[in-house]
Every structure is written in structure tokens, then in C-alpha cells.
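Report on the following structure.
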Amino acid sequence: MGFLGIILFINSVASFFVYMLFDGTQFFFWEFMRIRSNLHVFVQVFCLVIAGSIVSDEFSSGTIKLLLIRPVKRSTILLSKFITVIVWAPLLTTAHFLFSSVLGILWFYDSFFEFTVDFFVVAGAYVLRFIEMVIICSLAFTISVVTRRSSLAIGLTIFLTFTSNTLMLLFDERGMEGGKYWLMANSDLQQYFFATPPFGGMTFGFSVIVIGFYLAAFGLLSAFVFSKRDIVV
């Protein structure tokens, strides 16, 4: 419930500033929602924290032994943890969307039923941002399983996420075409609709294949390490 409260607070404060900024202008509800979709980055961070700590915290608290003494395969335990993360992702995303919608109706109710092009932009942004969030959470989850350190999993994933644009610019300036195979160069599928891919030769289908490869690798690595490693807490 703490994450939901923070999301509500952030939405409330941000919506007030948007209203004050555009009050008295020709501003529509779906334009408001398009701006608010950018706040989904906070939801991504919250889910990343959950993904990066859900396994490692079991080790740090010693409760992992209580899980492993049960007649359940380790792979099943690991899968249940990952499913928990995936359940939290749409829950927080839906909460963010609903909070934004309610606040948007409060400030810009006159244009709620005026479906402009921003309606489709908002719908696409939420879907594509959700996919990106699942990818980032998968990375944090894998690092957490491999290292058993939530701080490292969360910190490293946040670092890679928020420095990705700088790193891709560096790759491009040095002519490192191999950068297009990097996960962060493909995770944001919005670039094919609202921007330009960072490297030449990249297509939507190419990014989907690269993402699928990484997700499969994350799953195999996590399952292998969790199943084979001795549990010492």
C-alpha cells in the first residue's frame, strides 16, 4: 500500500502543477494524460525495487531456508517470485492510470469525451512503457538472484536505465554498431513511434527479437544459479 500512496501523492502534486500551468488555455484531458504518462518512470522504479529485492531479501533474512525445506522444486519457487513481480507491474501501472484519469477528469472534465490523437498516443505509451518495465524488472530480478544483493541489483539496474541514453550516444560517436544489440538500446519500443532508434538498421521486429533473447537468457541464468547454488545464510 505504501507504493500506491506514493503514486497517488505524486499524481496529485503533478496534476495540480499541470492545471496551474495550463489553466485558461485550450488544454484537453488526453493532452493531460499524455503528459502524465511520463510519470510512469516512478512506477518503473517501484517495480524495479520489488524485483531487485524479492529474492535477495529471502537470503538476507534467512527465510530462504524455510522455502527450500518444502517439497517444492526450486524452479517453482523462483517462478512464483517472478510472477509476483509481474503481478505488481500491471497493478501499479493500472493504479497510476486510474489516479491520473480521476485527477484529469477533476481538472479537465469538459474535454473527457473529446478523443483526439493524444488518446492513441496515451494508449500506446502505456502499453510500450509497461513492456519496458517488465524488461527492466527482469534484469533487476536476475541480478538479484545471481548476486543475492538487493542493493546491487536495484542500484545497478537504475544506473543502467538512467545512463542508457548517454552510453548509446557514446557508442554512436565511436561508431560502435554493436551497441544496437545492447538491451537498453531496444527496451524502449516507443522510439519506433515517437522518436528515432539510436543505431542504423534497427527495426521494431529487430528489437522484439533482441528483447526475447535477453529475457530467455535472464530466465535460464536465474534458474540455473538458483537451482545449483548452495544455500548458506
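The values are calculated or read from the model by the stated rules, or taken from the named source; none is laboratory data. Keep in mind it's a predicted model, so treat the numbers as computed, not measured. Note: ideal-geometry Cβ built from the backbone for every residue, glycine included; neighbour counts use all protein chains shown.
Cβ separations smaller than 8 Å between residues 6+ apart or across chains give the following pairs from segment 7-24 residues that are closer than 10 Å to Trp107 by Cα and part of a helix (DSSP H, G or I) to residues that are at pLDDT 80 or above and of a type in the set (S, T, N, Q): Ser15/Ser100. Here Val232 passes the criteria (1) β-branched (Val, Ile, Thr); (2) modelled with pLDDT of 85 or more; (3) exposed (fewer than 14 other Cβ atoms within 10 Å of the Cβ) except the one numbered (2). Mind checking whether some residue in segment 163-180 is within 20 Å of Phe130 (Cα to Cα) and among the aromatic types (Phe, Trp, Tyr)? Scanning segment 163-180, I find no residue that is within 20 Å of Phe130 (Cα to Cα) and among the aromatic types (Phe, Trp, Tyr), so the answer is no.
Yes or no, residue by residue, for (1) in contact with a Cys (Cβ under 8 Å, 6 or more places away or on another chain); (2) at pLDDT below 85; (3) farther than 30 Å from Ser15 by Cβ:
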| site | (1), (2), (3) |
| --- | --- |
| Arg70 | no, yes, yes |
| Ser80 | no, no, yes |
| Leu103 | no, yes, no |
| Ser111 | no, yes, no |
| Ala123 | no, yes, no |
| Ile143 | no, no, yes |
| Phe162 | no, yes, no |
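Screening segment 159-176 for residues that are surrounded by 13 or more Cβ atoms within 10 Å (Cβ to Cβ) and more than 28 Å from Lys228 (Cβ to Cβ) and picking the one that is nearest to the chain's Cα centre (by Cα) gives Thr161. Here Phe97 clears all of (1) aromatic (Phe, Trp, Tyr); (2) surrounded by fewer than 17 Cβ atoms within 10 Å (Cβ to Cβ); (3) within 30 Å of Phe28 (Cβ to Cβ) except the condition numbered (2).
Yes/no matrix, rows are residues, columns are (1) at pLDDT 85 or above; (2) in contact with a Lys or Arg (Cβ under 7 Å, 6 or more places away or on another chain); (3) farther than 26 Å from Ala123 by Cβ:
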| residue | (1), (2), (3) |
| --- | --- |
| Thr147 | yes, no, yes |
| Asn165 | no, no, no |
| Gly179 | no, no, yes |
| Phe193 | no, no, no |
| Phe199 | no, yes, yes |
| Lys228 | no, no, yes |
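The set of residues in segment 134-159 that are in contact with a helix residue (DSSP H, G or I) (Cβ under 8 Å, 6 or more places away or on another chain), farther than 21 Å from Ser61 by Cβ and free of Cβ contacts under 8 Å to residues at least 60 places away in the same chain comprises Val134, Leu156.
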